[in-house]
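The structure appears below as structure tokens.
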Amino acid sequence: MTFDSSEFRLREATDDDSAAIRAVLVAVMAEYGLSSDLEADDADIHNVVASYAERGGSFRVVTSTEGDIVGCGGLYPIDGRQAEIRRMYLLPKVRGFGIGRKLLEELISLAEERHFERVVLETASVLKEAISLYRKRGFVPVERRSTSIRQCDQAYALELASANERTKPT
């Protein structure tokens, strides 16, 4: 089956999407031999509206033309200065069409619009394609924060333009 990126759209997740988001997360983690405790490690996806939107963040889902959720990713505010990109996953059948890059760019744009100065993320070293995407976008390795998610063994950060720099005329 062949896709192109025009066959997918990004939208804000609703709590009705939680089961489909969990299914994507479980499928991708299993593909890479990662385990997850959905009750502990990934409790934030049980109520994405409260965990993300109500905190000033966003959780996006990638949907196919049929309306199926085939990917996801969230922007989770850590404090007034930093936000974390979390739960960025795409099912294997939709990778390689620029959808991951589009989702990453949208999450970074949301961080800029909300005046965060820095975006961080943690990932697992087996997710080589994702790490390549992050590094190409300008993310650099940083020391990991203390986290309960066992499989995340790498951390990256991207410094964003300050609010003043973004509003200067060019």
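The values are calculated or read from the model by the stated rules, or taken from the named source; none is laboratory data. Here the structure is a predicted model, which is why all the values come from computation and not from measurement. With ideal geometry, Cβ positions are generated from the backbone for all residues, glycine too; neighbour counts draw on all protein chains shown. When the accessible area is computed, the model is the full protein with side chains, heavy atoms only, and any ligands, DNA or RNA have been set aside. Shrake-Rupley method; radii C 1.70, N 1.55, O 1.52, S 1.80 Å.
Couple of notes before you dig in:
- Breaking point among (1) closer than 14 Å to Leu110 by Cα; (2) open to solvent by 60 Å² or more (accessible area, probe 1.4 Å), for Ala30: (1)
- Top-ranked residue in the stretch 84-99 [being among the hydrophobic types (A, V, I, L, M, F, W, C) and open to solvent by 20 Å² or more (accessible area, probe 1.4 Å); ranked as farthest from Phe8 (Cα to Cα)]: Met88
- When the residues of the stretch 64-96 are filtered to those that are in contact with a strand residue (DSSP E or B) (Cβ under 8 Å, 6 or more places away or on another chain) and outside any strand (DSSP E or B), the one that is nearest to Ser18 (Cα to Cα) is Leu91.
- When residues of the stretch 100-144 are limited to those that are assigned to a loop (DSSP other than H, G, I, E, B) and touching a strand residue (DSSP E or B) at 6+ places or on another chain (Cβ under 6 Å), the one surrounded by the fewest Cβ atoms within 10 Å (Cβ to Cβ): Ser125
- Those residues of the stretch 57-69 which are within 15 Å of Thr14 (Cα to Cα) and either modelled with pLDDT of 95 or more or open to solvent by less than 40 Å² (accessible area, probe 1.4 Å) (or both), in sequence order: Gly57, Ser58, Phe59, Arg60, Val61, Val62, Thr63, Asp68, Ile69
- Pairing each residue of the stretch 39-52 that is of a type in the set (A, V, I, L, M, F, W, C) and open to solvent by 10 Å² or more (accessible area, probe 1.4 Å) with any residue that is assigned to a helix (DSSP H, G or I) and modelled with pLDDT of 80 or more, provided the two are 6+ apart or on different chains, yields C-beta distances under 7 Å for Val49/Asp15.
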